[in-house]
Amino acid sequence: MFKKIIKAGHRKPSKSDANDPYAYGYGPPGGRNSGSVSTPNVVVNHASRAGPATLGPNSGGPTAIPPMAPPSGTIDPLPLFRDVPVSERQSLFIRKLQICCFQFDFSDTLKSVREKEIKRQSLLELVDFIQSGSGKITETCQEEMIKMVSVNIFRCLPPASHENTGQETTDPEEEEPYLEPSWPHLQLVYELLLRYVVSSDTDTKVAKRYIDHWFVLKLLDLFDSEDPREREYLKTILHRIYGKFMVHRPFIRKAINNIFYRFIYETERHSGIGELLEILGSIINGFALPMKEEHKLFLVRALIPLHKPKPIALYHQQLSYCITQFVEKDYKLADTVIRGLLKYWPVTNCQKEVLFLGELEEVLEATQSAEFQRCMVPLFRQIARCLNSFHFQVAERALFFWNNEHIVSLIAQNRGVILPIIFEALEKNIQSHWNQAVHGLTVNVRKMFLEMDAELFEECQRQYVENEGRAREVEEQRELTWKKLADFAAQSTGEDMVTV
């Protein structure tokens, strides 16, 4: 990755709200989207568009506005680390950090070209210095480095296209992502932070003073960035912080929970839900058994309700993985998960139904017989409705369940309960479904049940014929009653009425 960065050089800035100073953190503190947060010698605007984050315990202290771009020609390149004695490298490290604190306007590619290149080269050298392990940096250097990182990455994110524009809310899947124009510098700052976190020379007892709860919250705010490149770096860095700083683990899980709650119950808008779920998938995989009650509550209160928002397609793959991990870790949770899926089952969104059916199959593969029996009645009532769906993808996806050996074995063990529930749906498909593929799959499933238990099949068929006969009799009686009422009304009023 580092070699790619070196080769990248300057990149053409992407389209953006380039003339808006707040978009890059240039505006005065507390501007537009949220209040400001102070750290020693730094004032940074909240990254989240949703509102201010809670301050950490170490975030107080004197404040100063981050240095803006200096007048042209006032920054001179510093010597390389290899060109100075070892005793002077720590002071050179700090001087390079100070240069990297300057902010530049990337909306104009011809502005401050020389200064931008000096900063880029300085960042490259800092990354190389940390990566090479040339020398263990002092605590003062670590503090200054985290300040520089904070100045560069913690900023107000530009508004999404549906915010403050007067436009109607559009489908998030159809929106073009905003690409950060300052990425040539921002990428290197993230790379420096990543190398610092993963370095074997980084002492967590010292580093946790600067990578504290406030810093973690600000990182989490940035997950709402529309730039997928930035979210990818944030995902890797936060995952590494979670692995290295054990003291932060409960706090990180709780903070992610809060993001999910706000997304589910308030905004239904967040760019980084998929990346956060990817991190959680790895975390869940490492949960010890027996599983803590806290983790089970997280499943019930956060993960399962994440099936509710409309833009679920953007993060469903990661969500499905997390849900399946829980069931594989503790098979007793299968009943809870399946009933949760049924609770949030879509009524009119067919594409969402297809996603639910795919996830349901993965969960059923990890479900044991006892848990299956607890939820099979409401489960197969829903599957029967899916079998009769006019959307052929929904019906087809439901019929694919009978291609799964484990699910077929569970159905076979409980066929006495399941076949009577879905028999009518199978017969309706064979008689009247418009799609030939669905019709053929239904015939195969019907044949499978017949071979599984011919006696039960015939009994279900007999009951189905009886029910159909009774239904026809009721319909005929209803039509007869209406005819009598029409005839009586015609006789009472003396009017000529035509009866059909």
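Within the shell of other residues whose beta carbon sits under 14 angstrom from the beta carbon of M448, the net charge comes to 0, with Lys and Arg scored +1 and Asp and Glu -1. Amide H contacts under 5 Å for Q103: M68, A69, restricted to partners 5 or more places along the chain or on a different chain, H placed in the peptide plane at 1.01 Å from N. Along the range 327-335 the Karplus relation, 6.51 cos²θ - 1.76 cosθ + 1.60 evaluated at θ = phi - 60°, assigns HN-Hα couplings of 5, 5, 6, 9, 4, 5, 7, 4, 4 Hz to successive residues, with x for each Gly and Pro. Short-range pairs are left out: with C-alpha atoms under 8 Å and at least six residues apart, the relative contact order of the range 267-376 is 30 percent. Backbone geometry of the range 259-274 corresponds, through the Karplus equation with coefficients 6.51, -1.76 and 1.60 at θ = phi - 60°, to 3J(HN,Hα) couplings of 4, 4, 4, 5, 5, 5, 9, 10, 9, 6, 9, 6, 7, x, 4, x Hz, x marking Gly and Pro.
For H185, the solvent-accessible surface with a 1.4 Å probe is about 10 Å², rounded to the nearest 10. Here the range 411-500 exposes an accessible surface that is 53 percent carbon and sulfur, computed with a 1.4 Å probe and the other protein chains kept in place. The value obtained for the range 177-318, namely the Cα convex hull volume divided by the number of residues, is 117 Å³ per residue.
The values are calculated or read from the model by the stated rules, or taken from the named source; none is laboratory data. Here the structure is a predicted model, which is why all the values come from computation and not from measurement. Every residue, glycine among them, receives a Cβ derived from its backbone with ideal geometry; neighbour counts consider all protein chains shown. All accessible areas refer to the heavy atoms of the entire protein, side chains included, with ligands and DNA or RNA removed. Shrake-Rupley method; radii C 1.70, N 1.55, O 1.52, S 1.80 Å.
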